[in-house]
Amino acid sequence: MLDARQLDALAAVIEHGSFGAAAKALSLTLAAVSLRIKSLEADLGQRLLVRGKPLRATPAGQALLGHVKQVRLMEADLVAGLPGGGKAACMQSLSVAVNADSLTSWFLPGVAAAAHQHRLLLDIVVDDQDHTHDALKSGAVAGCVTTLAQAMRGCVAEPLGLMRYRCMAAPALIAQWGAAAAAGGTALSRRLLSSPAVIFNRKDALQDAFLARHFNLQNALYPHHVVPAVDAFELALELGMGWGMVPDVLLAARPRQQALREIWPDHPVDVMLYWQHWVSEPVSAQRLTRAVKAAARGCLLQA
């Protein structure tokens, strides 16, 4: 049997990023936390942490973290369902990974009511939709919005729908490009490659997908600004700092949509999204899954 105190120490170290912070969170000495981790590693016969900067979990440590999170949720569900209520008033924390566009446009509006009704606390990790599954694989989250269609081990991948992105820019910038903007084809691609783009972060590949899909340009090089905040990203486009990809769900919801124009109308990039989550979900996680799927049905294009 695994020792619960040792597992709690391991989870605290991974979640807080250091032995010192874990000791403070658990109200233990640094030596006590270190001893519990060493004892757990000795019992299992393998390393669970890579002790460096930054400290990180090994694959075995990641698997144990996922186990700890599942056990905590199941215990909370059990206590809440005890006769007389038990500690039913306690709120339950769920960690999820979501891309910024989904988080702002449909995820939070879609799950807010369920979180309130079922007293769920969301611990949200924001990452690019092509990389959110890394957090689920590591055991850090219970579910993620991702482009990965293949279900990971111990998980199920449920299709959510298509998020449609359009290549947008300020009208003044498009006017500077003159006839090239209206011509499309090679003339437009030259303008795009010579003008700055606005990307959300260095993992953002939507611009690359647009250039590859509509101009057959693979691994294209172009100057770009990096603006890692949704509102600031759109503001940069409005200010004419460059061109970028904006989802329909945000364009439809924001008054400022009138300040942007589609560079090449009817040439979008569609991104298929999936909700990956544990196969054996505690009740609280099941409730969140239902809310996520319902929210996606109401906002995303259904393939």
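Couple of notes before you dig in:
- Each residue of region 7-12 was assigned a 3J(HN,Hα) from its phi angle through the Karplus expression (A = 6.51, B = -1.76, C = 1.60, θ = phi - 60°), giving 5, 4, 5, 4, 4, 5 Hz with x at Gly and Pro.
- In the list (i) 157; (ii) 130; (iii) 110, the label attached to volume of the Cα convex hull per residue in Å³ as derived from the coordinates here is (i).
- Protection proxy ranking, peptides 64-74, 5-15, 47-57, average beta carbon neighbours within 10 Å, highest first: 5-15, 64-74, 47-57
- For region 1-90: relative contact order, % (alpha-carbon pairs under 8 angstrom, 6 or more apart): 23 percent
- Rounded to 10°, Cα long-axis angle of helix 108-117 versus longest principal axis of the chain: 30 degrees
- Angle between the chain longest axis and helix 283-299 axis [Cα atoms, degrees, rounded to 10]: 10 degrees
- Residue-averaged 222 nm ellipticity for the chain, from DSSP H runs of 4+ at -39500 (n - 2.57), nearest 500: -13500 deg cm²/dmol
- Amide H within-cut-off set for A57, under 5 Å, with H built and near neighbours excluded: V50
- Between the helical axis of 185-194 and the longest alpha-carbon principal axis of the chain there is an angle of about 60 degrees.
- Antiparallel bridges, percent of DSSP beta bridges restricted to the chain (to nearest 5): 65 percent
- Peptides ranked, highest mean first, by Cβ atoms within 10 Å: ranges 173-181, 27-35, 161-169: 161-169, 173-181, 27-35
- Region 92-303 - percent relative contact order, Cα under 8 Å, separation 6 or more: 34 percent
- For the chain, the Cβ-based charge dipole about the Cα centre amounts to some 360 debye (Lys, Arg positive; Asp, Glu negative; other atoms uncharged).
- Peptides 212-219, 93-100, 245-252, 151-158 ranked from most to least packed give 93-100, 245-252, 151-158, 212-219, packing being the mean of other C-beta atoms within 10 angstrom over each peptide's residues.
- In the chain, lysine pairs closer than 28 Å at Cα, eight or more apart or cross-chain: 18
Rule-based calculations on the coordinates, nothing more; no lab input. All figures in this text were calculated on a predicted structure; none of them were measured in a lab. Note that each Cβ is placed from the backbone with ideal geometry, even for glycine, and that neighbours are counted across all protein chains shown.
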